[in-house]
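Some notes on the structure that comes next.
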Amino acid sequence: GGCTTSGSANAMADKAAEGARPALAAEICTAQFNGNPDAATQLAALNKLDTWKRSDFISHGGWANLPGIKEPVSGSADLCAQRLVAKL
């Protein structure tokens with residue numbers, strides 16, 4: 001048993017890719033955030049915000065923007081904020 005059709009395999013691959021994009025973008029976001037000279041001050045400000053406001057803070061700060069891409073990858077700013085706050 002355990003056979004998988006090509007359609008199921010493609011669907012699983014697509015789902016994995018969808019989850020990988022925000023995760024990769026969030027890693028870049030955290031690196032950009034931490035690379036700023038005022039990262040400690042910004043992190044303190046981020047931590048004081050309500051959780052639902054944190055992704056906007058990250059987006060408006062420009063850390064979620066990847067080079068050459070106008071808009072942040074969907075979900076990356078939220079993941080980035082979660083990762084930054086979790087490191088406190």
What is the residue count in segment 37-46 for residues that are over 13 Å from ASP78 (Cα atoms) and touching a residue at least 12 places away in the same chain (Cβ under 8 Å)?
3
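Within 16 Å of ILE28 (Cβ to Cβ) and either open to solvent by 70 Å² or more (accessible area, probe 1.4 Å) or of a type in the set (Ser, Thr, Tyr) (or both): which single residue out of GLY62, GLY68 fits that description? Walk me through how you get there before you give the answer.
Numbers: GLY62 fails: either open to solvent by 70 Å² or more (accessible area, probe 1.4 Å) or of a type in the set (Ser, Thr, Tyr) (or both).
Unique residue meeting the criteria: GLY68.
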Looking at the structure I just gave you, is LYS15 at pLDDT 80 or above and of a type outside the set (Ser, Thr, Tyr)?
no
Are any of the residues in segment 18-34 acidic (Asp, Glu), within 20 Å of LYS87 (Cβ to Cβ), in a helix (DSSP H, G or I) and modelled with pLDDT of 85 or more?
yes
Filter segment 40-88 for residues that are of a type in the set (Val, Ile, Thr) and not in a loop (DSSP other than H, G, I, E, B) and give the result.
THR41, THR51, ILE58, VAL85
Out of all the residues in segment 46-59, which are open to solvent by 40 Å² or more (accessible area, probe 1.4 Å) and over 14 Å from the mean Cα position of the chain (by Cα)?
ASN47, LYS48, LEU49, ASP50, THR51, TRP52, LYS53
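The values are calculated or read from the model by the stated rules, or taken from the named source; none is laboratory data. This structure is a prediction, so every number in the text was calculated from the model and none was measured. Ideal geometry is used to build each Cβ from the backbone, glycine not excepted, and the neighbour counts take in all protein chains shown. These area figures cover heavy atoms from the full protein model, side chains too; ligands, DNA and RNA do not enter into them. Shrake-Rupley method; radii C 1.70, N 1.55, O 1.52, S 1.80 Å.
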